[in-house]
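Following: one structure in structure tokens, then a few remarks.
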Amino acid sequence: MITGKFPNLRLRRTRKYPWSRRLVQENNLSSSDFIYPIFLIEGKNKKQLIKSMPNVYRYTIDKLGGVVESVLKNKIPMVALFPSTPKSKKDNLGSEALNEDNLVCKATRYIKKKFKNNVGIMCDVALDPYTSHGHDGLLKKNYVENDKTIISLCKQSLIQAQMGCDVIAPSDMMDGRIGKIRKFLDRNEYHDVQLLSYAVKYASSFYGPFRDAVGSKKSLKSDKKNYQMDFANSDECLREVALDIKEGADMVMVKPGMPYLDIIKKVKENFKIPVLAYQVSGEYSLIKNGIKKKLIEEEAIIESLMCFKRAGASAIVSYFALEISKKL
Ligand code: PBG
């Protein structure tokens, strides 16, 4: 028989009213939690829809002002730049990565000049947007050569720093590159440029739309499993992060995001370093298409982002950053 006393403890009490739910809320989401990725294309006055990513565009440099202005207006701290390099500029070595007038360099100079230090600029370090084979490094007999690749990555990092990049983000997964890049930047007097290591990056099928966006999808013949991590593994993430911290990383990234919340939590519990999460293109498109088809509600976006905070992320790279910040 149910008496007035049963049950003694009722967890629904604090859930009864909105004010009470707000009072006991453990995590929250604000626009300061986001990094907004921007795709770049050559040309003038173009805003080009990316077919595999609803509502995400590639912009020409002259169109960037408007985008960054809304990023600032919505108090998003940082943008991340990704180039869609024309095929004619790609080669085996990814030489365009080292061109001071490539898209990322031009965009960095443009944003720095126009917006000074009011917004952070983060640049990816990896060769895949520039190589004809779509891999993140230099190939020898179809295998990405670790140490040779690092030489290019060091040069790419320095050029980006010289252009005004605030946060260098190596996403290539070569062994030892964080230490080499840190030393190279320091030797060239860029000790204040931050290093955000994609320390824990899995070989994932959720990157498909991104590869389409930067134009590396068609050229990539094999997968990236001999340098990016095996999604069956978890312990390995601690070894990766430990190494990168020792080598000088200021922050570390876990990527992809939502299927890897256990990894975010594990890293955060073991290291007191800012852990960032990347809600990647495939996650974005799945959620966005689900909402469009009315399979899930729009609230799913906030839910997906809050889960990163709950797992321990300090910030989230997300293609939803701008549209959600407008609502927060
Ligand atoms: C390239 C890079 C990738 C992403 C960010 N930087 C793709 C890859 O490793 O193939 C994926 C981002 C996304 O899917 O949103 N080094």
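Among the residues of segment 205-222, which ones are assigned to a loop (DSSP other than H, G, I, E, B) and more than 8 Å from the ligand (Cβ to nearest atom)?
Within segment 205-222, 215, 217, 218, 219, 221, 222 qualify.
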Seminar exercise, completed: Within segment 270-328, residues closer than 19 Å to residue 74 by Cβ and among the aromatic types (Phe, Trp, Tyr) come out as 284, 308, 319, 320
Exercise. Quick one: residue 251 ticks every box in (1) under 14 Å from the mean Cα position of the chain (by Cα); (2) modelled with pLDDT of 95 or more; (3) within 15 Å of the ligand (Cβ to nearest atom) bar one, so which box is it?
Worked result: (3)
For this session: Residue by residue through segment 201-229, note down the ones that are closer than 12 Å to residue 173 by Cα and surrounded by fewer than 18 Cβ atoms within 10 Å (Cβ to Cβ).
Result: 203, 225, 226
For this session: Pairs only if they're at least six apart or on different chains, beta carbon under 8 angstrom, first in segment 28-53 and more than 17 Å from residue 315 (Cα to Cα) and away from the ligand (no atom under 16 Å from the Cβ), second assigned to a loop (DSSP other than H, G, I, E, B) and open to solvent by less than 10 Å² (accessible area, probe 1.4 Å); list them, first residue then second.
Result: 41/60; 42/60; 43/60; 44/60; 45/60; 46/60; 47/60
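Considering segment 137-154 alone, what residues qualify as being among the hydroxyl-bearing types (Ser, Thr, Tyr) and part of a strand (DSSP E or B)?
If the condition is that a residue be among the hydroxyl-bearing types (Ser, Thr, Tyr) and part of a strand (DSSP E or B), then 143 is the only one that fits.
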Exercise. Looking only at segment 138-183, which residues are more than 20 Å from residue 245 (Cβ to Cβ) and among the hydrophobic types (A, V, I, L, M, F, W, C)?
Worked result: 138, 139, 144, 151, 158, 159, 161, 163, 165
For this session: Would you please list the contacts, defined by Cβ atoms under 6 Å and residues six or more apart or on different chains, that run from a residue in segment 281-293 that is closer than 18 Å to residue 308 by Cβ and among the charged types (D, E, K, R) to a residue that is part of a helix (DSSP H, G or I) and within 13 Å of the ligand (Cβ to nearest atom)?
Result: 283/206; 283/258
Exercise. Open to solvent by 20 Å² or more (accessible area, probe 1.4 Å), in a loop (DSSP other than H, G, I, E, B) and modelled with pLDDT of 95 or more: does that describe residue 75?
Worked result: yes
Problem set entry | Search result, residues across segment 94-129 that are under 20 Å from residue 215 (Cα atoms) and among the small types (Gly, Ala, Ser) | 94, 95, 97, 107, 126
Exercise. Do we have any residue at all in segment 63-77 that's within 16 Å of the ligand (Cβ to nearest atom) and within 20 Å of the chain's Cα centre (by Cα)?
Worked result: no
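Considering only segment 269-280, how many residues are open to solvent by less than 50 Å² (accessible area, probe 1.4 Å) and either touching a residue at least 40 places away in the same chain (Cβ under 8 Å) or within 16 Å of the ligand (Cβ to nearest atom) (or both)? Give the steps one after another, and end with the answer.
The initial filter retains those residues of segment 269-280 that are open to solvent by less than 50 Å² (accessible area, probe 1.4 Å), namely 271, 273, 275-280.
Cutting the leftovers down to either touching a residue at least 40 places away in the same chain (Cβ under 8 Å) or within 16 Å of the ligand (Cβ to nearest atom) (or both) gives us 276-280.
Total meeting the criteria: 5.
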Exercise. List the pairs whose first member sits in segment 92-108 and is under 17 Å from residue 44 (Cβ atoms), whose second member is charged (D, E, K, R) and in a helix (DSSP H, G or I), and whose Cβ atoms are under 9 Å apart, counting only residues at least 6 apart or on separate chains?
Worked result: 102/89; 102/96; 103/96
Exercise. Does residue 18 satisfy the condition of being free of Cβ contacts under 8 Å to residues at least 24 places away in the same chain and either touching a strand residue (DSSP E or B) at 6+ places or on another chain (Cβ under 6 Å) or over 30 Å from residue 274 (Cα atoms) (or both)?
Worked result: yes
Exercise. Given the conditions (1) under 29 Å from residue 76 (Cβ atoms); (2) part of a helix (DSSP H, G or I); (3) among the basic types (Lys, Arg), and given that residue 201 satisfies all but one, which numbered condition is not satisfied?
Worked result: (2)
For this session: Among the numbered conditions (1) part of a loop (DSSP other than H, G, I, E, B); (2) surrounded by fewer than 22 Cβ atoms within 10 Å (Cβ to Cβ), tell me where residue 173 comes up short.
Result: (2)
Problem set entry | So residue 130, is it touching a helix residue (DSSP H, G or I) at 6+ places or on another chain (Cβ under 7 Å), modelled with pLDDT of 95 or more and near the ligand (Cβ under 9 Å from one of its atoms) | no
Exercise. Within segment 1-45, can you find the residues that are closer than 30 Å to residue 123 by Cα and either open to solvent by 100 Å² or more (accessible area, probe 1.4 Å) or part of a strand (DSSP E or B) (or both)?
Worked result: 34, 35, 36, 37, 38, 39, 40, 44, 45
Problem set entry | segment 225-251 residues that are touching a residue at least 60 places away in the same chain (Cβ under 8 Å), paired with ones that are of a type in the set (D, E, K, R) (beta carbon under 6 Å, 6 or more apart) | 248/182
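The values are calculated or read from the model by the stated rules, or taken from the named source; none is laboratory data. Computed from a predicted structure; not experimentally measured. No Cβ is skipped: glycine too gets one built from the backbone with ideal geometry, and neighbour counts run over all protein chains shown. Only protein heavy atoms, including side chains, enter the accessible area calculation; ligands, DNA and RNA are left aside. Shrake-Rupley method; radii C 1.70, N 1.55, O 1.52, S 1.80 Å.
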